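The values are calculated or read from the model by the stated rules, or taken from the named source; none is laboratory data. This structure is a prediction, so every number in the text was calculated from the model and none was measured. Note: ideal-geometry Cβ built from the backbone for every residue, glycine included; neighbour counts use all protein chains shown. In case anyone asks, the SASA skips ligands and DNA or RNA and just uses the protein heavy atoms, side chains included. Shrake-Rupley method; radii C 1.70, N 1.55, O 1.52, S 1.80 Å.
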Amino acid sequence: AAVGGSTRGIAATRFARASISPAAASRVRACGILAIFESTMPADDLRLTALKLQRMIRHRGPDGSGVHLAESAVPGRRHAISHERLAINGGVGGNQPLYSHDGLASLSVNGEIYNHKQLQAELADKRPFATGSDCEVIVHAFREYGLDVASKLDGDFAFVIVDEKTGELYAARDPMGVNSLYFGYGTDGSLWFASEMKAIVGQCERVMVFPPGHYYSSRTRQLHRYYEPKWLDGAGAVAPLDLARVRTDFETSVNKRLMAEVPFGVLLSGGLDSSLVASIVARQFDDPKKLKTFSVGLEGSPDLIAAQRVADYIGTDHYSFTFTVQEGIDAISDVIYHLETYDVTTIRAGTPMFLLARKIKGLGIKMVLSGEGSDEALAGYLYFHKAPSGADLHAECVRKLGMLHMYDCLRANKATMAWGLEVRVPFLDKDFLDTVMCTQPDFKLVKKGAAEQHIEKWLMRKAFDDDQVPGVSYLPREVLWRQKEQFSDGVGYSWIDGLKEHCQRVVSDEEFASAPQRFPHNTPLTKEGFYFRELFADHFPQWSAAATVPGGPSIACSSAVAIEWDAAWKGMADPSGRAVGSHDSALTGAS
């Protein structure tokens, strides 16, 4: 629960309506993993290398380390699997790697498994587990289900298993890529995995993003997709509008993510998404003041004002933090190092989130809930106003969800984990996604001037409107029906304007003219993009590092395909929501 002070106070926290309790809760597994498979290094050198590289991701789990070495079935080769742990309750039972009952399969995992009790009950092997970790079920389920284990999990995860019994390696990432994972190939044919690219990019000939919803098995030496929801095809989006189901499924998603033994809070921007999360969480407490909510922005920014209004309405203990444009600019290099990207929108939004996460961790909070994923699933970005049809809108939602692990999920995970703070995102729950993505996409179209669907995300807003549940009011109407603000805009428009002015000043015309030669891959189109790319190259000079970052044209966070929806967008290079004419504060020259 969101109480101040140390984690010792958590046992005394009482929930009047929540179905969770300290005894039943799990230990949070916010951490960093590293694995090296079939290395030719001598055992001592391999162990020392793993220990050295672990230090590069220790910020993800600063409270403990673990390394396990195993001999390969291939003569002269061996494996290392290691872990950086974020301690939650001071116990010794949560150290990793975690092991199978025979001790031969070792697991390093960053994640939360929300259906761990159900999975444990379904296992044929009824021997008791060695720890209270919700993640231990993975290694035992692997022994029973083999390659199908990832598809059995409901949670956010990135993990690697090395099985000395069979000589097999198995790695998997959660369906939407909430938790980060990279992999690469060493010069000796070894295979490397890490939560962050920085730990392995200097050791591999090539490093790549591990795709979400996939597993890798050394049996096949291939990646395999295990997550194939029926909404990937537009033919699966045929369900009628069911506002009650939207509401109940989202409440279920939020509440399952309260599975924790740590002081937690909610990131509250004052927009629809984070405000609904905060409202639902606050309703689980007998006294909402026990829940801490957090916002960040420039002095007087739209988000700070709206967030305070929401906090006053739902009764939380709210913290508003401010930063200056100069403080944000000063943090850019660190932000790029931790986020491992040069994408303009991700850095713009990641900087205030990075600054906020440090403040939150300083208050003793170790887990927060956030609102990422809503705009992709519910067509919330302002450019969706121009969607030609429901079919076009649905196809764009699928594209955006498929890219989320390289943008908002990456930002949310790494900006918070830079300070050992875990973020959970209920909008990306599998069941909730099935509900909203299988709904007929015409219900997500914006119909200006109509009594219904007159604003983006009308479906979600209406599901939580005052007239849906008698006697229950989730949010003030001026917030429930507030226009979409991208996080980088909502923290204060002068943040982006000031950042762009800084880049115009420090990047000369001559330097910018050299962009095609200096950066032939994903050549930056603006001086702001050039500035970010230079900082990225300083941290990560390897060509394969640059290749992990997506590129291509975008307007207000659109895919390249959606730019075709409006001829006025072609040639524009600003991803701000104000770049489209449907924003109330549209940038000069926008359609």
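Residues in segment 443-455 that are of a type in the set (D, E, K, R) and either within 13 Å of VAL246 (Cβ to Cβ) or buried (at least 16 other Cβ atoms within 10 Å of the Cβ) (or both): LYS444 only.
Of all residues in segment 157-195, those being of a type in the set (D, E, K, R) and in contact with a Lys or Arg (Cβ under 7 Å, 6 or more places away or on another chain) number 1. Being of a type outside the set (D, E, K, R), part of a helix (DSSP H, G or I), open to solvent by less than 30 Å² (accessible area, probe 1.4 Å) and in contact with a Pro (Cβ under 7 Å, 6 or more places away or on another chain) is the requirement here; does THR345 meet it? So THR345 fits the description; yes. Would you check if THR316 is open to solvent by 10 Å² or more (accessible area, probe 1.4 Å) and not aliphatic (A, V, I, L, M)? No; evaluated as a whole, the condition is false for this residue. In the set LEU241, LEU304, only one residue is buried (at least 20 other Cβ atoms within 10 Å of the Cβ) and hydrophobic (A, V, I, L, M, F, W, C); that residue is LEU304.
When you look at TYR215, is it part of a loop (DSSP other than H, G, I, E, B) and open to solvent by 20 Å² or more (accessible area, probe 1.4 Å), yes or no? No. Kindly indicate whether any position in segment 225-232 is open to solvent by 10 Å² or more (accessible area, probe 1.4 Å), of a type in the set (Phe, Trp, Tyr), modelled with pLDDT of 95 or more and not in a strand (DSSP E or B). Checked against the condition, which is being open to solvent by 10 Å² or more (accessible area, probe 1.4 Å), of a type in the set (Phe, Trp, Tyr), modelled with pLDDT of 95 or more and not in a strand (DSSP E or B), segment 225-232 yields at least one hit. Beta carbons closer than 9 Å, at least 6 apart along the sequence or on distinct chains, pair a first residue in segment 173-190 that is over 21 Å from VAL549 (Cα atoms) with a second that is at pLDDT 95 or above and hydrophobic (A, V, I, L, M, F, W, C) for THR187/CYS204; ASP188/MET41; SER190/ILE36; SER190/PHE37; SER190/MET41; SER190/CYS204.
For segment 143-165, the count of residues that are assigned to a loop (DSSP other than H, G, I, E, B) and open to solvent by 40 Å² or more (accessible area, probe 1.4 Å) is at least one.
For segment 368-376, the criterion of being under 20 Å from PRO553 (Cβ atoms), touching a Lys or Arg at 6+ places or on another chain (Cβ under 8 Å) and assigned to a helix (DSSP H, G or I) is satisfied by at least one residue. Counting only helices (runs of 4 or more DSSP H) that sit completely within segment 243-327, those holding 3 or more residues that are touching a strand residue (DSSP E or B) at 6+ places or on another chain (Cβ under 8 Å) correspond to 272-282, 302-314. Taking the stated definitions as given, is GLN440 more than 18 Å from ASP233 (Cα to Cα) and polar (S, T, N, Q)? When the stated conditions are applied, GLN440 does not pass them. Could you please find all residues in segment 377-407 being among the charged types (D, E, K, R) and either more than 23 Å from LEU181 (Cα to Cα) or in contact with a Lys or Arg (Cβ under 7 Å, 6 or more places away or on another chain) (or both)? Answer for segment 377-407, where residues must be among the charged types (D, E, K, R) and either more than 23 Å from LEU181 (Cα to Cα) or in contact with a Lys or Arg (Cβ under 7 Å, 6 or more places away or on another chain) (or both): LYS386, ASP392, GLU396.
Scanning segment 38-69 for residues that are open to solvent by 10 Å² or more (accessible area, probe 1.4 Å) and among the hydrophobic types (A, V, I, L, M, F, W, C) gives MET41, ALA43, LEU48, LEU51, MET56, VAL67, LEU69. Every condition in (1) under 24 Å from the mean Cα position of the chain (by Cα); (2) open to solvent by 30 Å² or more (accessible area, probe 1.4 Å); (3) of a type in the set (Ser, Thr, Tyr) holds for SER473 except the one numbered (1). When segment 204-224 is filtered for residues that are out of contact with any Gly (no Cβ under 6 Å at 6 or more places or on another chain), of a type outside the set (Ser, Thr, Tyr) and either closer than 20 Å to GLY402 by Cβ or touching a residue at least 40 places away in the same chain (Cβ under 8 Å) (or both), the ones remaining, listed by number, are GLU205, MET208, VAL209, PHE210, PRO211, GLY213, HIS214, ARG219, GLN222, LEU223, HIS224.
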